[in-house]
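So the structure is just underneath, and the comments pick up after that.
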Amino acid sequence: MIELKPFAKLGGADHGWLKAKHHFSFANYYDPGNMGHGALRVWNDDEIAPNSGFPAHPHSNMEIITYVREGAITHQDSLGNKGRTEAGDVQVMSAGSGIRHSEYNLEPTKTKIFQIWIEPTTDGGQPTWGAKPFPKPDRSGKLVTIASGYKDDKDALPIRADARVLATTLKAGETAEYAPRASRNLYLVPAAGAVEVNGVRVNARDGAAIRDEQQLRITALEDSELVLVDAA
């Protein structure tokens with residue numbers, strides 16, 4: 001089963017410096033029938049104006065993955081971590097028992113990100129932050145795991161969740177396949193381009209909530225970049 005969530009119908013907000021679209025209930029957008037997809041709780045599509053961003057604020061008991069689509073985001077937190085994550089790179093924050101952080105676009109042009117929140121398998125624990133480059137040529141034509149709660153995914157950034165986050169870039173006509181375990185909750189969003197997923201067209205920034213599909217066959221209808229979450 002594939003439920004399409006067109007970008008134009010997503011909830012959202014325009015704060016001037018921030019233009020946000022919410023795939024699930026978040027902040028002032030609340031829909032009791034759209035609170036997440038399995039352990040996937042938040043998928044925000046954010047455009048952040050130059051020299052602006054989110055001042056220091058707290059999080060706890062959430063795995064927060066930031067996928068940078070354009071520009072760069074600069075992170076600073078209460079543990080003393082500082083880092084600049086640019087397009088092609090990914091950062092992960094395990095909020096654990098509690099952490100405060102800020103995220104700013106200090107670039108001269110706007111920054112575009114997907115921010116993905118996944119519920120952890122257990123609450124508490126020491127908070128952590130990390131970032132890693134995932135060059136687009138390295139994930140051309142194949143799904144690459146960029147964040148994972150599974151020890152076998154050794155090259156991925158670790159998260160404390162029964163989940164993995166994958167990404168790929170596909171040239172028009174290329175196909176990538178993925179075989180999830182039974183009873184998984186998958187959510188796919190193209191950052192750019194358009195793809196066909198088991199016969200369903202998914203355009204740029206649309207969401208596709210997927211359940212009970214034994215195998216995904218993802219074919220690029222045009223040059224595309226996409227992110228896929230596989231969660232409990």
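For a quick check, take a GNM of the chain with Cα springs below 10 Å and name the residue from Ala172, Ala208, Ala161 with the largest mean-square fluctuation. Of Ala172, Ala208, Ala161, the Gaussian network model singles out Ala172 as fluctuating most.
List the aspartates and glutamates whose Cα sits under 19 Å from the Cα of Lys9, skipping any in the same chain fewer than 8 residues away. Here the aspartates and glutamates satisfying the reach criterion relative to Lys9 are Asp31, Asp45, Asp46, Glu47, Asp206.
Put simply, the amide H of Ala204, placed in the peptide plane, has neighbours under 5 Å in Gly193, leaving out anything fewer than 5 places away on its chain. Computed from backbone phi with θ = phi - 60° and the Karplus coefficients 6.51, -1.76 and 1.60, the 3J(HN,Hα) list for the stretch 94-106 is 8, 6, x, 6, x, 8, 10, 8, 10, 9, 10, 8, 9 Hz; x is used for glycine and proline. Packing, taken as the mean count of other beta carbons within 10 Å per residue, orders the peptides 210-222, 28-40 from highest to lowest as 210-222, 28-40.
Using the Karplus relation 6.51 cos²θ - 1.76 cosθ + 1.60 with θ = phi - 60°, the per-residue 3J(HN,Hα) values for the stretch 224-229 come to 9, 9, 9, 10, 10, 10 Hz, with x marking Gly and Pro. Close amide H pairs (under 5 Å, H built 1.01 Å from N) link Glu103 with Phe54, residues at least 5 positions away or on another chain. Working from label points 7 Å from Cα in the Cα-to-Cβ sense, the Leu106 to Asp152 distance is 4.0 nm. Taking a ≥ b ≥ c as the square roots of the Cα gyration tensor eigenvalues, with a/c under 1.5 meaning rounded and otherwise prolate when a/b beats b/c, else oblate, which class fits the stretch 82-202? Because a/c hits 1.5 or more and a/b fails to exceed b/c, the stretch 82-202 counts as oblate. When the chain is treated as a GNM, springs tying every alpha-carbon pair under 10 Å, which of Arg181, Arg69, Arg41 comes out with the largest mean-square fluctuation? Greatest mean-square fluctuation among the candidates belongs to Arg181.
For the stretch 150-205, what is the Kirkwood estimate of the hydrodynamic radius, computed as the reciprocal of the mean inverse distance between distinct Cα atoms, to one decimal in Å? Each step should come with its number before you reach the end.
On the way: mean 1/r = 0.0745 Å⁻¹.
That comes to 13.4 Å for the stretch 150-205.
Whole-percent P(r), the chain, all Cα pairs, 10 Å bins from 0: 8, 34, 40, 16, 1.
The slack between Ser183 and Ala204, meaning 0.36 nm per residue of separation minus the straight C-alpha distance, is 4.9 nm. Peptide packing: for 47-60, 141-154, the average count of neighbouring Cβ atoms within 10 Å per residue gives the ranking 141-154, 47-60, highest mean first.
Read-outs: derived from the displayed coordinates by stated rules, not from any lab. Just so you know, these numbers come straight off a predicted model, no measurement behind them. Neighbour counts are summed over all protein chains in view; Cβ atoms, including those assigned to glycine, are modelled from backbone coordinates with ideal geometry.
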